[in-house]
1. Which length gain, in nm to one decimal place, applies between residue 95 and residue 50 when the Cα-Cα distance is subtracted from 0.36 nm times their residue separation?
2. Please report, in debye to the nearest 20, how large the charge dipole of the range 42-149 is about its Cα centre when each Lys and Arg carries +1 at its beta carbon and each Asp and Glu carries -1 there.
3. Over the range 84-151, what is the mean sequence separation of C-alpha contacts under 8 Å (at least six apart), divided by residue count, expressed as relative contact order in percent?
4. How big is the Cα convex hull of the range 42-149 in projection, averaged over all directions, in nm²?
5. Just going by the charge dipole of the range 42-149, with Lys and Arg at +1 and Asp and Glu at -1 on Cβ, which of 80, 52, 64 is farthest out on the positive end?
6. What's the extension gain from residue 81 to residue 129 if we count 0.36 nm per residue and subtract their Cα-Cα distance?
Amino acid sequence: MSHERPSYSGRHRFTRRTFVRAAVGSIGVASTGLLSACGSMGSASDKGKDFVIEMNDEMVFDPNPATISVGTTITFTNASSGFVHTATCDPALAADPTGVVLPDGAAAWNSGNIQPGESWSMRFETPGEYHYVCLPHELAGMTGTFIVEDD
């Protein structure tokens, strides 16, 4: 039984070392992209400024998560082509009340139906973490989170 390696007549051999180098390079590129994405989390640093969260055809809130300052107004904009969305942080209305979280002292809120191309806004004065949902698409996973920071 011969243990000679086959000849590749000038072609580049794909060895284990080549594979590992390619895999490590891919991981490096992917992790750089992930770190960039982490750095692009939405934020608003100026009190009283508007901050936009879009709702789209992919059934996501964008950006998600987001960080804003106390006194910032969030405008929820329906950027979808035909879906009605809501922005709702009211456990009494959610299919899964445990998925909706308000900080102590914050009142529950609900945008009502937001038609495509329309918006709804609310100013946030209570610091803390908010977990909210789109009522028609909650079971499809359309949930969001934002943090209101006290400067």
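1. 13.3 nm
2. The dipole magnitude comes to about 200 debye.
3. It rounds to 38 percent for the range 84-151.
4. 5.7
5. 52
6. Full extension from residue 81 to residue 129 adds 14.3 nm.
No value in this document is a laboratory result; all are computed from the given coordinates. Just so it is clear, the structure is predicted and the values come from calculations on it, not from any experiment. Note: ideal-geometry Cβ built from the backbone for every residue, glycine included; neighbour counts use all protein chains shown.
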